[in-house]
1. Any chance you could look up the accessible area of D116 with a 1.4 Å probe, heavy atoms only, rounded to 10 Å²?
2. So if each residue of separation counts as 0.36 nm, and I subtract the Cα-Cα distance between I360 and A441, what length gain in nm does that give?
3. Using a/c under 1.5 as the rounded threshold, could you call segment 271-426 rounded, prolate or oblate? The axes a ≥ b ≥ c are square roots of the C-alpha gyration tensor eigenvalues, and prolate needs a/b larger than b/c, oblate otherwise.
4. Skipping prolines and chain starts, which residues have an amide H placed within reach, meaning under 5 Å, of the one on I214, given they are 5 or more residues away or on another chain?
5. What residues qualify as long-range amide H neighbours of S372, i.e. H under 5 Å apart, gap of 5 or more or another chain, H built at 1.01 Å from N?
6. Please list, or write none, the aspartates and glutamates whose alpha carbon is within less than 13 Å of the alpha carbon of K67, excluding same-chain residues fewer than 8 places away.
7. Starting at the first residue of segment 139-147, write each ³J(HN,Hα) from the Karplus equation 6.51 cos²θ - 1.76 cosθ + 1.60 with θ = phi - 60°, in whole Hz, x for Gly and Pro.
8. Skipping prolines and chain starts, which residues have an amide H placed within reach, meaning under 5 Å, of the one on N81, given they are 5 or more residues away or on another chain?
Amino acid sequence: MFLFSECVTSPIKNTPLKEENHILSWDKREAEAVEILTDLIRIKSVRGNEKQVAEYIRSIFEKEGIKTKLISEPGFPDRVNLIAELEPNVPSSEKGLILGNHLDVVEADPKEWAEDPFAGTIKEGRIHGRGALDCKGLIAMQIISFLELKRSAVPLKRKIMFLSMADEESGSERGARFLLKVHPELFKGYGYMLNEGSFGTKDVAIPGSTIFNIQYAEKGNLWLNVRAKGDQGHGSTPSQNYPSLRLLKFLTEVLEYDTDIRISEETQGFFYQLGTISRFPNSFILKNSNIPILRRLLYGPIRSSRQLSAITRNTKAVSGLKTEEGKGHNVLSSLAEAKLDVRLLPGFDPLEYLKEIQRIAEKYEIEVEPASTVNSDKSKLDSILFQTIASVATRKIPGSVAAPFISPGKTDNAYFRQIGMECYGLIPVLLNEKELTMLHAKNESISIENLKLGTQILFEILYQMN
C-alpha cells in the first residue's frame, strides 16, 4: 500500500532572499499606522459608503505625491474603488504586483460590543472596532508599506498597484466584478495579487505552533434562496404539511447530506506542513495524509476543529429564516423562507450540487433557487510570490512555518484568478483561537504588535519582489 502511494512533499521551497531591508523603522511609523487604522474604523462603511474611505486614502497618497483614481459603477456613486500605482524605475517585462483590499465591512451592533465598534478605541495595546481584522487593519498595513516603498526610493523592477475595492462583503458586484468586466485595461501588465484570505495563527492547529496560512485556493460558493408555500392555517389544528414544517424537514435533511471529510490534493500540502512541526507518530500521519489508512486517523481531530472541518468538507449553513405569521403564536404562515450558504471543495460543480439539493427539495415541495454561484479556484504553489511570502514571513518569526491554505470563504482573489492572475491571501499577523472568532463577530480588535508585524512583513515582501 505504501509503495504504490504517491509521496507528498513540502510545497515550500528554500527560496533565496536578499538581506533583510531595515528601511522601514517601526518606531518612526507606529503612530502613523495607528492613526490611519483608527481613522478608517471611524468611517462607517457597512456594506456601503466606500467613497468616504476611498477619499480618506486618496488624501494620504496625494500628500505624498501619489496620484489616485476613484472609479464607481454608474448609478452607484458611493460604491467607490480606489487605484494608486508606483511605476518601475526603468521599463520592465516583470509582471506587476497588486496590493488588494476591500473598503466595506459587515454590520456591528454596539449593544453587543464592549467598545463602540465605530470609535477606533485604543485600549490595553489593542485597536478596537469593526474592520480591525477584516480588513481595515490590512489597509493600514498596506498604506504604510506602499508609502515606504516610495519614500525610501527602493528601485522597482515591477509596477505596484494599491487597489481598494468596494462591495466585497456582499458579492463584489460593485467592486472586483465591475472593475474586471468594465475596466480590464487597468490590470494590463499585472500578474500577481496579495490580498486578504487568511491569517497567521499561534497555538491554534497544534499547541505551541506558529503557522502562516497562505491562501492559494478557495472553496466554491453556492448561495441559495429557499421557499415553502401553502395555505395559512391555525396553530391549534396544524396539518402535516404546512410550509414552516416542510421547510424545517428540508433543512434538516440538507444539513445531514454529504458530511464526508475529504483530504484533497489542495489540502495535502497544508497537512504536510503541520507534520513538519509535530512529533512522531503525528508527524508521519500528517505528512502522508494521501494514504487512506493514515488519513482516517485525522478524522477525529478534524471533526473537533471548526477551521479544519471547513477546509475538508462541503459545508452548509442556514444563514436566514423568515415567515409571515405576524405577531401572534397561533398563525401558521403561508410562506416560509430560508437562505442557505453552501461552500464546496474543489472538484464540485456548484450547479451540479444544486441539482442534488433540488432533488431533496422535491420531496418537501420546496422551491430552491441560486442567488450566487462561484466555482472553486486556485493559484500555483511554485510562483515567485507564494514562495517569497512564505520565506519572508518565516524568516521574520524563527520557528514558524508557512502552509498553503484553501480558504472556506470567498475573497476578491477568486475573480482575479479568473483572468489568469496568481493571487494569494495573507494578513500577516499572528492570531490565537479567541482572536479568530472575532471575524464578523463582536469585539473585533487587533493588537498594535500585530499591526507592526504585518506592516513589516508586507514591506519586506514588496522589497524582495523588487
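1. Counting only protein heavy atoms, the figure is 80 Å².
2. Working: separation 81, 0.36 × 81 = 29.16 nm, distance 3.22 nm.
Full extension from I360 to A441 adds 25.9 nm.
3. On the way: a/c = 2.45, a/b = 1.87, b/c = 1.31.
Since a/c reaches 1.5 and a/b is larger than b/c, the shape of segment 271-426 is classed as prolate.
4. Amide H neighbours of I214, under 5 Å, 5+ apart: A403, F405.
5. W223
6. Straight-distance partners of K67: E55, E85, E87.
7. 4, 4, 4, 5, 4, 4, 4, 5, 5
8. The list, which skips near neighbours in sequence, is I71, S72.
The values are calculated or read from the model by the stated rules, or taken from the named source; none is laboratory data. This is a predicted model, so every value here is computed, not measured. Virtual Cβ from ideal backbone geometry, glycine too; neighbours counted across all protein chains shown. Each accessible area value is taken on the protein alone, full model and side chains, heavy atoms only, with ligands, DNA and RNA left out. Shrake-Rupley method; radii C 1.70, N 1.55, O 1.52, S 1.80 Å.
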